[in-house]
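Just below is one structure, and these are the notes that go with it.
Just so you know, all these numbers are worked out from the coordinates, no wet-lab data involved. Owing to the predicted nature of the structure, the values given are computational and were not obtained by experimental measurement. Cβ: placed from backbone, ideal geometry, glycine included. Neighbour counts: every protein chain shown.
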């Protein structure tokens, strides 16, 4: 069966409000796209998720993916790591289902005009990527914040990815899927930054890759030094010439505010767009989801799982053999073992 365009995002419930804003902005410009939600979470008590009430056409939960030893795999990751790790299996699944063009967008993105050029580019190219930066920085702080940050986190922003269902596109997908199942970690000292750093290799390893150097895509705090926004009667433009395709509202809150203030400066239209986004988040908020909710962030008894415990479980294969169901609250489960061995393991487990 030949299918058209599928667009997906990946979240825990903490980002449901953002995913709703994204989906509604896509609906405005592409009502014919199939919108899929990747969900790596379980509902908190008293909250009911119903697809009938959401702007998505389908939902795929982590439990629906073909991942062996799923509980152990989930436990090895924090929430950011796992919500990016599932992007590989999700992309492979959608291509296997027959979707001809698959687009991924981060949940903290909103469209401001259509993405027809991307869809048309996939008639020719197998992969479409957007770089974080399109021009060299000339200020020391911007070099540190933006260029050196790209060296650590990856050249291409994987908040956006477009793939055509051809031999080359499936090859990239299968390769990325395999890497994310095993190496989707935030360990920059090892050269890893979740799903993103892997794509630095893609233009060298695979053919038919388009590096989309249009400044209207993936506008964010880290590239505002070279992208000036203006609001006109016929839309929002970047550098007076390019329609703003989508804005990436990373780190909503004090961190995002600081970065945006530094680089937007007196480009007041940027601040207006951020104010609009905050209003949309308030509109699409999900009452009933606690601020720090992530079902896999705690043991069943409510104890928060420290990152050190995840790192230790990830690295020590004997623990994986002893506790194949690490979230279990059994008296002989991992939680009890960690409690008994905290003093022996030192500070790492308490981080």
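Counting 0.36 nm for each residue step from residue 275 to residue 178 and taking away their Cα separation leaves a gain of 31.0 nm.
Going by a ≥ b ≥ c, the root eigenvalues of the Cα gyration tensor, does the chain fall in the rounded group (a/c under 1.5), the prolate group (a/b larger than b/c) or the oblate group? Since a/c reaches 1.5 and a/b is larger than b/c, the shape of the chain is classed as prolate. Estimated from helices alone, the mean residue ellipticity of the chain at 222 nm is -10000 deg cm²/dmol (sum of -39500 (n - 2.57) over DSSP H runs with n ≥ 4, per residue). The stretch between residue 59 and residue 268 holds 71.5 nm of extra length on full extension. This uses 0.36 nm per residue minus the Cα-Cα distance. Compute the Cα gyration tensor for the stretch 203-351, then decide on rounded, prolate or oblate, letting a ≥ b ≥ c be the square roots of its eigenvalues: rounded whenever a/c is under 1.5, prolate when a/b is larger than b/c in the other cases, and oblate in all that remain. It comes out prolate by the Cα gyration axes. Can you give the angle from 0 to 90° between the axis of helix 268-283 and the longest principal axis of the chain, with both taken from C-alpha atoms, to the nearest 10? Computed tilt is about 50 degrees. Would you please give the FRET efficiency between residue 71 and residue 189, computed as 1/(1 + (r/R0)^6) with r the Cβ-Cβ distance and R0 = 30 Å, to the nearest 0.05? That gives a FRET efficiency of 0.65.
Using r as the Cβ-Cβ distance of residue 96 and residue 317, and R0 as 30 Å, what FRET efficiency do you calculate, to the nearest 0.05?
Result of the calculation: an efficiency of 0.50.
Relative contact order for the chain: what is it in percent, counting Cα pairs under 8 Å that are at least 6 residues apart?
Here the relative contact order equals 21 percent.
What's the extension gain from residue 148 to residue 201 if we count 0.36 nm per residue and subtract their Cα-Cα distance?
Stretched fully, the residue 148-residue 201 segment lengthens by 17.3 nm.
Given a Förster radius of 45 Å and the C-beta distance between residue 337 and residue 28 as r, what FRET efficiency does 1/(1 + (r/R0)^6) yield to the nearest 0.05? The calculated FRET efficiency here is 0.30. Helix 254-264 against the longest principal axis of the chain: what's the angle in degrees, Cα atoms only, rounded to the nearest 10? Between helix and principal axis, roughly 20 degrees.
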